[in-house]
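The values are calculated or read from the model by the stated rules, or taken from the named source; none is laboratory data. Everything quoted here is computed from the prediction, not taken from an experiment. All Cβ positions, even for glycine, are placed from backbone atoms using ideal geometry, and neighbour counts span all protein chains on display. Remember, those area values only see protein heavy atoms, side chains included, never the ligands or the DNA or RNA. Shrake-Rupley method; radii C 1.70, N 1.55, O 1.52, S 1.80 Å.
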Amino acid sequence: TSTPALIASDDGALDAIVSLIASAPSDEAIIERATLWAHDQGRLLELIDGIAAYGISRRSQPVSLAAVAIATKEGWVERSVEILEASLVIDDQATTRHQLAQLWLAGGWPEQARVVSGRHLESDSFSDIRLGLKLLEGATAPTIAAGISTDTIKLVAERSGQWKWASTLLAQRGELDAAL
């Protein structure tokens, strides 16, 4: 795995925002305001890299995952993958592997998703990754997909062309908006 080119900052405003996010990495309001600030300043990538560098240097998965969330939401998927790979080198957690495998699967790279999932693939928490691999590799869609997130079902349908299956499953689960 490669580590991302994380940019160190000498900017007080950026450093203060990164510290604020690090103090509450799950606070959506703080992350949203920080992202808006970065957009206004044309410094989104610097913000993402600053948060990631902070999280990785202090071995804080929640902070690193905040950087991944911003990067993914803003369309910087390659940067998300780089940050997750760097996070795995520091702290190999199943949740990080799962998120990285989902990104590889979303990109249409089932081989990479399988490699990243590794020994965790057979666990229940990786059932959505297994489903995605089966559908992308042309295996028959399973009839039961309990515990698989709506986003993953949509992703798998998009990548595999299994729209009818996904729509039916989501409708059965009562998620009519998602089924449409």
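Values computed for the structure shown
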read-out	value
Residue in segment 33-40 that is of a type in the set (Ser, Thr, Tyr), open to solvent by 30 Å² or more (accessible area, probe 1.4 Å) and over 25 Å from Arg130 (Cβ atoms) present	no
Residue list for segment 16-33, filter: within 11 Å of Ala67 (Cα to Cα) and either assigned to a helix (DSSP H, G or I) or in contact (Cβ under 8 Å) with a residue 60 or more places away in the chain (or both)	Val18, Ile21, Ala22, Ile31
Top-ranked residue of segment 99-132 - restricted to ones that are farther than 21 Å from Ser64 by Cα and either touching a Pro at 6+ places or on another chain (Cβ under 8 Å) or of a type in the set (Asp, Glu) (or both), ranked as modelled with the highest pLDDT	Glu111
Test: residue in segment 133-141 that is in contact with a Ser or Thr (Cβ under 7 Å, 6 or more places away or on another chain), open to solvent by 10 Å² or more (accessible area, probe 1.4 Å) and at pLDDT 85 or above	no
Exclusive hit being within 19 Å of Asp151 (Cα to Cα) and either among the aromatic types (Phe, Trp, Tyr) or assigned to a helix (DSSP H, G or I) (or both), set Ile51, Ile70	Ile70
Tally, over segment 59-115, of residues that are closer than 18 Å to Pro25 by Cβ, of a type in the set (A, V, I, L, M, F, W, C), under 9 Å from the mean Cα position of the chain (by Cα) and open to solvent by 40 Å² or more (accessible area, probe 1.4 Å)	2
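Rundown of residues vs (1) touching a Gly at 6+ places or on another chain (Cβ under 8 Å); (2) within 27 Å of Gly12 (Cβ to Cβ); (3) of a type outside the set (Gly, Ala, Ser), yes/no style:
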{"residue": "Thr35", "(1), (2), (3)": "no, yes, yes"}
{"residue": "Ile51", "(1), (2), (3)": "no, yes, yes"}
{"residue": "Arg58", "(1), (2), (3)": "no, yes, yes"}
{"residue": "Ala66", "(1), (2), (3)": "yes, yes, no"}
{"residue": "Trp109", "(1), (2), (3)": "no, no, yes"}
